[in-house]
Amino acid sequence: MCFIDLDMATVWRESERKARKEHKCSCCWGGILIGARYLSHFSVHDGRASSERMCLPCRDAREEFTAAHEHDGAYIPVPSFFSEMLAECIGDGEESEKRWAPMLDAINARGPA
């Protein structure tokens, strides 16, 4: 399994919300339609604030991936960095590729055509 090493955020806030207008997922770039539930993310890393949105399928994938890497002391990636982190892990070997490539394929399939 790959090793994940992220800097800790000085501020981290996430909550599930219901969309009052259309948004784009910061992970897969797929649409979040009015009325859909999504994850609202806000964090501060190295003094820089980040506000992002994540569709629930991407959130669930990130939770599964993070749980599998807890033994590495990994921290949860911001939504916009998750697919990149997933791709790096896939490049780490055959076991990682078998496990995580279908997840990355699903994320990419949700994005814009």
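Here are some notes:
- Residues located in the stretch 91-103, provided they are crowded, with 17+ Cβ neighbours inside 10 Å and aliphatic (A, V, I, L, M): MET103
- Residue, modelled with the lowest pLDDT, within the stretch 67-88, restricted to residues that are open to solvent by less than 20 Å² (accessible area, probe 1.4 Å) and either closer than 22 Å to GLY31 by Cβ or polar (S, T, N, Q) (or both): PRO77
- Candidate set: the stretch 51-66, residues that are touching a strand residue (DSSP E or B) at 6+ places or on another chain (Cβ under 9 Å) and open to solvent by 30 Å² or more (accessible area, probe 1.4 Å); chosen: the one nearest to ASP92 (Cα to Cα): ARG59
Quick grid of which residues meet (1) closer than 23 Å to ASP105 by Cβ; (2) in a helix (DSSP H, G or I); (3) touching a helix residue (DSSP H, G or I) at 6+ places or on another chain (Cβ under 9 Å):
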position: TYR38; (1), (2), (3): yes, no, yes
position: VAL44; (1), (2), (3): no, no, no
position: GLU52; (1), (2), (3): yes, no, yes
position: PRO57; (1), (2), (3): yes, yes, yes
position: ALA61; (1), (2), (3): yes, yes, yes
position: PHE82; (1), (2), (3): yes, yes, yes
position: LEU86; (1), (2), (3): yes, yes, yes
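- Residue in the stretch 30-50 that is least open to solvent (accessible area, probe 1.4 Å), counting only those that are at pLDDT below 95 and closer than 15 Å to ILE76 by Cβ: SER43
- In the stretch 30-46, the residues that are more than 19 Å from SER83 (Cα to Cα) and either in contact with a Leu (Cβ under 7 Å, 6 or more places away or on another chain) or free of Cβ contacts under 8 Å to residues at least 24 places away in the same chain (or both): LEU33, ILE34, GLY35, ALA36, ARG37
- Some residue of the stretch 15-29 being in contact (Cβ under 8 Å) with a residue 40 or more places away in the chain, surrounded by 15 or more Cβ atoms within 10 Å (Cβ to Cβ) and in a strand (DSSP E or B): no
- So PRO112, is it under 19 Å from VAL11 (Cβ atoms) and touching a residue at least 60 places away in the same chain (Cβ under 8 Å): no
The values are calculated or read from the model by the stated rules, or taken from the named source; none is laboratory data. Predicted model only: the values in this text are computed from it and were never measured. Reconstructed Cβ throughout: ideal geometry from the backbone, glycine too, with neighbour counts over all protein chains shown. All accessible areas refer to the heavy atoms of the entire protein, side chains included, with ligands and DNA or RNA removed. Shrake-Rupley method; radii C 1.70, N 1.55, O 1.52, S 1.80 Å.
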